[in-house]
Every structure is written in structure tokens, then in C-alpha cells.
Amino acid sequence: MSLFKRIERRAYAYGPKSVWDTDVETPPRATGAGVPVGPEQARTLAAVWACQSLIADGVASLPIDVFRRVQATGRRENIDGPGWLSRPNPVEQQPYTFWHKVMISLIGDDGNAYVRTVRDDSGKIISVYAVDPKLVHVDDRSPVPVYQVGGEEFTDREMLHIPAFVKPGKRRGLSVIDYAREAVGLGLAAEEFGARFFAQGTTMSGVVEHPGTPKPGEVAVLARMLRHSHAGVKKSHAVGILTGGASWKSISITPEQAQFLETRRFQKLEIASLYRVPPHMLDPTVQSSWGSGVEEQNKFFVDYTLVPWLVRLEQAFSGLLPVNQYLRFNVDARLRSTTTERFAAYAQAVNNGIMSLDEVRELEDMPPIPDGRGRAHVRPLNVAELGAGGDDGASDSAI
């Protein structure tokens with residue numbers, strides 16, 4: 001590689017105004033509801049924004065552990081991760097921002113996430129960049145993956161590709177926004193209809209009916225009297241008396257308006273199903289059918305919403321680590337139960353020799369017991385091996 005090309009690639013890696021930070025907007029496409037929909041337009045729908053932020057924030061907020069497989073014993077040991085996990089690159093110094101960008105690329109923009117890896121002269125990865133997926137062109141006909149960005153080609157060693165939903169024979173993933181465009185468009189159309197209804201519509205809560213032809217100025221007097229006696233929150237339940245034979249007639253919501261409200265609610269639930277987000281997390285009026293406690297509902301969100309994305313990321317990014325090393329997102333951070341349930345589980349684990357006191361204290365962010373007294377694993381004194389004699393010499397023969 002020429003010196004100029006090496007300098008140019010280093011500029012791509014470190015320059016804050018480089019091609020990696022370029023934002024390309026996908027033009028929206030028309031829908032049957034008459035509303036054009038693209039990634040940016042879809043995010044203006046509250047349900048889409050809520051689903052994307054729930055998933056992206058949920059993944060980005062999880063701690064990451066790095067493990068190494070010990071070949072001799074087959075066990076794993078927790079080790080310190082590479083530097084790019086704690087500081088992805090000089091621009092995105094916070095891991096939260098990096099993982100959030102990766103997830104938005106997967107679920108919000110393109111159905112693909114591309115990560116540019118920058119290595120030093122020894123081949124060690126020193127930084128990673130989340131690339132706008134709309135900048136990347138993938139050649140499906142090449143025998144090995146080749147990624148083109150800004151007129152340059154990058155191999156799979158230089159560009160990490162994580163697809164979301166892949167068809168056989170294709171390398172690029174499919175975007176949920178592209179394939180759910182009509183559902184999003186209907187939601188946006190209903191939202192626009194509601195906005196115009198309140199901005200341009202003329203809807204009254206009721207009318208005052210007069211039996212005859214009112215005299216000049218009588219209508220104004222009656223309207224002024226009604227406002228003076230009943231307008232405002234403090235007078236909302238006052239007893240009303242209408243004179244001159246006038247009567248009040250309440251106007252209820254029309255069937256068309258009721259159908260509009262039901263349509264908006266249905267679209268919210270449909271968007272939740274597209275992202276596999278529990279409906280009760282978007283609409284408080286929907287009762288969860290998965291468990292009655294907060295811990296069980298959080299487990300449903302982790303198992304069915306976050307875990308499929310986490311597995312994709314774990315398998316892809318573990319390939320950037322040395323042999324026999326891999327990373328895992330620690331979902332226990334989202335599954336912490338109440339204090340009573342948590343400490344009851346700790347007591348069982350300690351009493352059965354599964355965990356030591358120091359391991360429990362570490363999970364609770366507490367320092368270990370001094371002098372190493374918390375490292376021992378214990379078990380109840382009355383537990384013995386099956387078939388072995390007790391301390392009193394009694395036999396364990398069958399009764």
C-alpha cells in the first residue's frame with residue numbers, strides 16, 4: 001500500500017469530519033395512505049420512536065464482559081477486554097454512543113450495521129467506527145465480501161457487517177421500515193388526521209336549544225350567562241339553570257371519531273409487534289399477559305426483544321477478539337429482582353456451596369471480606385455423600 005493511501009485511510013479513521021461521519025438521508029417512498037415514509041419520517045411516529053429507543057437504549061446500557069476459554073479445563077475466565085470496548089474511537093469516546101448507533105443502523109435505518117475497524121502496524125484493533133449503512137455498497141456477486149465506501153473498497157477484515165434479516169443468496173439485511181412502510185404510513189396518516197381535526201375542525205361539546213325566535217341581544221345575553229356560570233375548571237360541576245325555555249343538548253363523540261381513536265391504538269400495537277416490543281411498554285392501557293411482576297415482564301422484554309439482537313452482536317464482535325476469547329452482554333443488569341428475592345437467592349447459593357460470600361458482595365458492588373475470609377465455599381454440616389456413614393457410625397442402608 002502506498003504512503004498516500006495509508007495516510008488517506010488514517011484520515012478516514014481519525015478525522016472527525018471524515019466519510020464515516022457523513023449522514024445520508026434515504027428519500028421517502030409513497031404509501032397507500034398518501035404519506036411518504038422513510039427512516040426519518042418513520043421516527044416521527046411516536047410508536048416507532050419508542051420501539052427504537054427501547055431496544056437501542058436497552059442494548060447500549062448493558063455492561064459487556066470478556067471471557068477466555070481455558071482449553072485444559074474447558075472452563076472460562078473473566079479477563080479485561082480490549083481498549084476499543086471502553087473507548088471505541090477518538091470521536092465516539094463513550095461506548096453507549098457507539099452501541100446506540102449500531103442498533104439504530106440495524107432497527108431504524110437500513111437493517112444492516114457496518115463497523116470500520118482500524119488496526120495498528122501489528123494488526124491489533126485500536127478503534128472501531130459505526131458507518132452509516134447508506135454509504136456502504138455490498139457486491140453480492142463477489143466470492144468474498146467486498147464493501148465500497150466513498151470510492152474505496154474494504155475487505156471483511158476492515159469492515160464488520162452485521163445484517164438484521166437476511167434472505168438466502170443476499171448479503172445485505174432487510175429493513176423493517178421498508179417492509180412495514182404501509183403500517184407506518186397508516187399510523188402517520190391517522191396522526192395527521194388527528195392534528196388537522198383539532199386544528200381545523202369545529203366540534204362543540206353541546207348546544208343550547210331555544211324554543212322560539214330569540215329577541216335581538218337575547219342570544220348574546222344567554223351565551224354570556226352560560227360562560228359566566230359554567231366556564232372554567234372550578235365551575236365545571238356547577239348546577240345550571242337556563243331561562244326562557246332554553247335547553248342544553250350534549251353532543252357525544254361520533255362513530256367516525258371513535259373509529260379514528262381505535263385505528264390509532266391498533267397501529268401502535270402493530271408497530272410494537274414489528275419490533276417485538278411488549279405492547280404494555282408502549283400503551284399503559286394494555287394489560288400485560290406475561291406474568292404479574294415487574295421482574296417477569298422485564299424478563300419477557302429481554303428474552304424475546306433484546307436477546308436476538310444481543311446474539312447477533314456477540315457473535316459478530318467476538319470475531320474481532322483473539323482466539324478463544326469472546327464477549328457477552330450482561331443481561332443480569334436488567335433482571336435484578338427486588339432486594340428480598342435477590343438476597344433469598346444469594347442465601348440459597350451460599351448455603352449450597354454454589355457461591356462464596358465475596359462473590360455475592362461483588363454482585364452487590366461491595367468490597368470483599370478482609371483477610372480472604374469470604375472466599376471459602378461452604379455447605380450444611382448435615383449433608384453427606386449418599387451411602388457414606390454418619391458421624392455417629394450409623395449405616396445408610398435402605399429402610
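The values are calculated or read from the model by the stated rules, or taken from the named source; none is laboratory data. On a predicted model such as this, the values are computed, not experimentally measured, just so you know. FYI the Cβ positions are ideal-geometry reconstructions off the backbone, even for glycines, and counts take in every protein chain you see. Accessible surface areas use protein heavy atoms only, side chains included; no ligands, DNA or RNA. Shrake-Rupley method; radii C 1.70, N 1.55, O 1.52, S 1.80 Å.
Laid out as a table, the results:
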| item | result |
| --- | --- |
| Search result, residues across the range 35-61 that are assigned to a helix (DSSP H, G or I), under 10 Å from Val184 (Cα atoms) and of a type in the set (Gly, Ala, Ser) | Ala42, Ala47 |
| Looking only at the range 127-181, and only at residues there that are acidic (Asp, Glu), part of a loop (DSSP other than H, G, I, E, B) and modelled with pLDDT of 85 or more, the one that is most open to solvent (accessible area, probe 1.4 Å) | Asp156 |
| Conditions (1) touching a helix residue (DSSP H, G or I) at 6+ places or on another chain (Cβ under 7 Å); (2) farther than 24 Å from Gly169 by Cα: number failed by Asp120 | (1) |
| Test result for Glu152, within 27 Å of Val323 (Cα to Cα) and among the acidic types (Asp, Glu) | no |
| The range 347-360 residues that are without any contact (Cβ under 8 Å) to a residue 12 or more places away in the chain, paired with ones that are of a type outside the set (Ser, Thr, Tyr) (beta carbon under 7 Å, 6 or more apart) | Ala349/Met355 |
| Which numbered condition Val66 fails, given (1) open to solvent by 80 Å² or more (accessible area, probe 1.4 Å); (2) assigned to a strand (DSSP E or B); (3) modelled with pLDDT of 90 or more | (1) |
| First in the range 49-64 and acidic (Asp, Glu), second anywhere and open to solvent by 30 Å² or more (accessible area, probe 1.4 Å), Cβ under 8 Å, 6 or more apart | Asp57/His100 |
